[in-house]
Amino acid sequence: MTRTVETASAPFVEKAPLELYVAPEKPSLIGLSRSELADALGDAGVPPAQRKMRVQQLWHWIYYRGSTSFDDMTTMGKDLRAAMAERFTLARPEVVAEQVSVDGTRKWLLRLEGDGNSKLPHDVECVYIPDTERGTLCVSSQVGCTLNCTFCHTGTQPLVRNLTATEIVAQVQVARDELGEWPSPKEDRRLSNIVFMGMGEPLYNLDHVADAIDIISDNEGIALSRRRITVSTSGVVPQLQALGDRTAAMLAISLHAATDELRDVLVPINKKYPIAELMAGIRAYPGLSNARRVTFEYVMLKGVNDSPADARALVQLLKGIPAKINLIPFNPWPGSPYECSSWSTIEIFAAIVNKAGYASPIRTPRGRDILAACGQLKSESEKTRASVRRKLAVQPGA
Ligand code: SAH
Ligand code: SF4
């Protein structure tokens, strides 16, 4: 496997050029659901009556042990292992680059296969953020995002496609590999929490996100509790109920403004689903209680949404909702039209929110030196992507 490991501030150079990409010949079983594994076993000649038991075994090896070779699977006979290896692999998406921040944050660029007519791969990013009490993996749900929030880097990426459930689960699998965390530990996990705060809008890809959460939270495998899985949305109101019903995940809302006038600019989906509708949807979110609060994310933009009056309007808006408010210092990116509020402004804002009874942690910017902080997930390789695509498009068979 070719990859680059870089530390702080180093350029994000891709060492596995797109032109050399070869799509895998055999499909991988990584990220498959139980019923998909049963189909795979069927392809390898396992009779229907045996499949359930074999699925259990495969599940254990893939998601509990993190096996990378069928040879590991000693509970399965040699012939079956050979039959599986003939048709399938246990390959993960290739990590084509890694960056490690001075604060321990690690960003991986993963190469996913192309879809549909294009056989060219897509790259997505996945970030691990270690903390004293926990380790959080920030996963992507789409390549790019269609929503164009004005402060977000991902929204500027032209290419967009939904990730499959398999590709979402594979991000967790890769992180566990990189952290050397197999078999799945019961406690003191390095990877203890998952947030859907990477690239993309998870509620535009709810089916796959929900299927992925089913696999990630399955007790016989990776076994991360649903209460440690948070899905962040910009406010796709019609999907909130389904998110709660299908995933029982924790909810985070990218609010960023307390008035429609301002939110229309910062989070344009607000024009479709304005604040009053959003709040009604949140109040109805299944399972909401003081023990299961909604997280409101609020990015601090200098002179835009950071005044004491803005803080009071925010408090007013959230009245009666079991909530905590995450104040996020704006992470600048090349060409971004905003600046981050000053530290003292953020503290004054936090004090007002706090006095009203809401926990208001100020999120410490992590991985800033490697552009891995919120909203900065965007493959640098994208810049060269367009020209390479054009070049390959004229080659026969490309
Ligand atoms: N699309 C989803 C999830 C991904 S964005 C959503 O919008 O919720 C994850 C979080 O990062 C969101 O709260 C988003 O508003 C925030 N974010 C985006 N760009 C940012 C930036 N430049 N600085 C700080 N936070 C940012
Ligand atoms: Fe998309 Fe979220 Fe970025 Fe908005 S903040 S552009 S919804 S990824």
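Given the criteria modelled with pLDDT of 95 or more, of a type in the set (A, V, I, L, M) and part of a helix (DSSP H, G or I), does Leu251 qualify? Against the criterion (modelled with pLDDT of 95 or more, of a type in the set (A, V, I, L, M) and part of a helix (DSSP H, G or I)), Leu251 does not qualify. When Val174, Val195 are checked against the criterion of being surrounded by 19 or more Cβ atoms within 10 Å (Cβ to Cβ) and more than 13 Å from ligand 1 (Cβ to nearest atom), Val174 stands alone in meeting it. All conditions but one from (1) touching a helix residue (DSSP H, G or I) at 6+ places or on another chain (Cβ under 8 Å); (2) open to solvent by 50 Å² or more (accessible area, probe 1.4 Å) apply to Val294; the one that does not is (2). Within region 184-194, is there a residue that is within 16 Å of ligand 2 (Cβ to nearest atom), of a type outside the set (S, T, N, Q) and either without any contact (Cβ under 8 Å) to a residue 12 or more places away in the chain or within 26 Å of Tyr273 (Cα to Cα) (or both)? No, there is no match, as no residue in region 184-194 is within 16 Å of ligand 2 (Cβ to nearest atom), of a type outside the set (S, T, N, Q) and either without any contact (Cβ under 8 Å) to a residue 12 or more places away in the chain or within 26 Å of Tyr273 (Cα to Cα) (or both). Candidates are the residues of region 201-213 that are more than 16 Å from Gln173 (Cβ to Cβ) and more than 16 Å from ligand 2 (Cβ to nearest atom); the one that is surrounded by the most Cβ atoms within 10 Å (Cβ to Cβ) is Ala210. Within region 1-58, restricting attention to residues that are closer than 28 Å to Asp214 by Cα, among the polar types (S, T, N, Q) and not in a helix (DSSP H, G or I), which residue is modelled with the lowest pLDDT? That would be Ser28.
None of Ala248, Ala309 is more than 15 Å from ligand 1 (Cβ to nearest atom) and either more than 23 Å from the chain's Cα centre (by Cα) or crowded, with 20+ Cβ neighbours inside 10 Å (or both) except Ala309. Ile216 meets the stated requirement of being touching a residue at least 40 places away in the same chain (Cβ under 8 Å), open to solvent by less than 10 Å² (accessible area, probe 1.4 Å), under 14 Å from the mean Cα position of the chain (by Cα) and more than 15 Å from ligand 1 (Cβ to nearest atom).
Can you spot a residue in region 259-278 that is more than 27 Å from the chain's Cα centre (by Cα) and either part of a loop (DSSP other than H, G, I, E, B) or closer than 28 Å to Pro130 by Cβ (or both)? Checked against the condition, which is being more than 27 Å from the chain's Cα centre (by Cα) and either part of a loop (DSSP other than H, G, I, E, B) or closer than 28 Å to Pro130 by Cβ (or both), region 259-278 yields at least one hit.
Gly144: near ligand 2 (Cβ under 9 Å from one of its atoms) and at positive phi, yes or no? For Gly144, the condition - near ligand 2 (Cβ under 9 Å from one of its atoms) and at positive phi - is met.
The values are calculated or read from the model by the stated rules, or taken from the named source; none is laboratory data. These numbers come from a predicted model, not from an experiment. Neighbour counts run over all protein chains shown; Cβ positions are idealised from the backbone, glycine included. Each accessible area value is taken on the protein alone, full model and side chains, heavy atoms only, with ligands, DNA and RNA left out. Shrake-Rupley method; radii C 1.70, N 1.55, O 1.52, S 1.80 Å.
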